[in-house]
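The values are calculated or read from the model by the stated rules, or taken from the named source; none is laboratory data. Since the structure is predicted, the reported quantities are computational estimates derived from the model, not experimental observations. We place every Cβ from the backbone using ideal geometry, glycine too, and count neighbours over all the protein chains shown. Ligands, DNA and RNA are excluded from the accessible area calculation, which covers all protein heavy atoms including side chains. Shrake-Rupley method; radii C 1.70, N 1.55, O 1.52, S 1.80 Å.
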Amino acid sequence: MTTSLDPLFPIIYEDDSLLVLHKPADLVCHPTKGDVYSSLISRVRLYLGEANEGQMINRIDRETSGVVLIAKNKETARSLRLQWEAREVVKIYHAISYGWPKEDSFSVEKPLGKDIESEVAIKDCVRRDGSPSFTGFRVLKRFEKNRSKFALLEVCPRTGRKHQIRIHLQYLGHSIVGDKLYGLNEQFYLDLVYGRLTDDQRKQLLLPFHALHARSVTLTHQDQERTFASEAEDWFRSFHEG
């Protein structure tokens with residue numbers, strides 16, 4: 001849970017070796033051509049100062065909100081990255097999807113690779129020669145809104161492929177609400193990139209950002225198992241609570 005608020009980002013936890021923060025939706029992790037506030041890592045460097053640039057341990061998509069860890073020294077960065085590589089870290093996401101899944105608990109184990117049929121260079125898809133990928137899902141809530149069915153899901157990815165959760169849900173026919181790339185039509189993504197997304201398209205998307213939130217991360221820090229968590233943002237919660 002968020003414990004303090006800095007103008008640059010909400011801080012979940014901080015000690016001499018680790019900074020855990022909440023990345024808001026619509027903020028990229030990596031530097032851009034914008035100002036010093038336009039990426040998460042540039043904000044981190046402003047916060048920590050020139051003496052400590054900080055090393056980002058996990059990264060989430062621009063429109064995904066939630067928990068991000070920043071190591072303040074090489075030793076902490078190495079320890080956390082080794083846990084990630086060994087798949088010892090438990091990551092929990094919350095997502096809002098279209099439709100009601102048949103089962104309350106289910107999983108997808110499908111390999112992912114480049115979508116060569118898409119106009120979007122960064123888009124991946126399920127393909128036989130892709131990288132092994134596994135995602136577990138649990139339905140937290142089934143609800144209806146404007147005569148349409150939606151589900152609030154708890155998601156636990158055991159691998160960390162690019163866009164993994166979004167692609168696996170699309171594969172099941174339950175795309176994430178607001179997803180411009182793996183949702184209704186990838187043309188929404190292209191129109192967003194080129195600055196021509198219309199008000200009608202925004203209305204069809206239902207939400208300003210895709211409804212995916214990095215809810216919590218559980219790992220070992222300073223010889224203790226720790227769970228760092230953050231609440232979803234208001235726009236996300238109001239959609240499934242209202």
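Key figures for this structure:
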{"quantity": "Student exercise, segment 46-182 dipole from Lys, Arg, Asp, Glu Cβ charges, in Debye to nearest 20", "calculated": "260"}
{"quantity": "Per residue accessible area in Å² of segment 123-195, where ligands, DNA and RNA are left out and the probe is 1.4 Å", "calculated": "49"}
{"quantity": "Sparse-neighbourhood loop sites, GluC sites (Glu not before Pro) in segment 22-81 - DSSP loop, at most 13 other Cβ within 10 angstrom", "calculated": "GLU50, GLU53"}
{"quantity": "³J(HN,Hα) computed for each position of segment 202-213 - Karplus, 6.51 cos²θ - 1.76 cosθ + 1.60, integer Hz, glycine/proline x", "calculated": "4, 5, 5, 5, 6, 10, x, 9, 5, 7, 9, 10"}
{"quantity": "Rounded to the nearest 20 debye, dipole of the chain from Cβ charges on Lys, Arg, Asp, Glu", "calculated": "600"}
{"quantity": "Largest-first principal axis extents, alpha carbons of the chain, Å", "calculated": "51, 39, 37"}
{"quantity": "√(5λ) per eigenvalue of the Cα gyration tensor, segment 152-219, largest first, Å", "calculated": "25, 12, 11"}
{"quantity": "Heavy-atom accessible area ranking, 1.4 Å probe, most first, across SER107, SER42", "calculated": "SER107, SER42"}
{"quantity": "Most mobile of LEU69, LEU152, LEU190 in a GNM of the chain (Cα contacts under 10 Å)", "calculated": "LEU190"}
{"quantity": "Chymotrypsin sites (Phe, Trp or Tyr not before Pro) within segment 137-227, DSSP loop, no more than 16 other Cβ atoms inside 10 Å", "calculated": "TYR194"}
{"quantity": "Reciprocal of mean inverse Cα separation for segment 120-242 (Kirkwood radius, Å)", "calculated": "16.3"}
{"quantity": "Rounded to the nearest 10 Å², the accessible area of CYS29 at probe 1.4 Å", "calculated": "10"}
{"quantity": "Using a Förster distance of 25 Å, the FRET efficiency for VAL36-TRP235 (Cβ separation, nearest 0.05)", "calculated": "0.45"}
{"quantity": "Sparse-neighbourhood loop sites, trypsin sites (Lys or Arg not before Pro) in segment 110-143 - DSSP loop, at most 12 other Cβ within 10 angstrom", "calculated": "ARG128"}
{"quantity": "Theoretical gain in end-to-end length, ARG78 to ALA121 [0.36 nm per residue, Cα-Cα removed]", "calculated": "12.3 nm"}
{"quantity": "Shape category assigned to segment 85-126 from the gyration tensor of Cα positions, a/c cut at 1.5", "calculated": "oblate"}
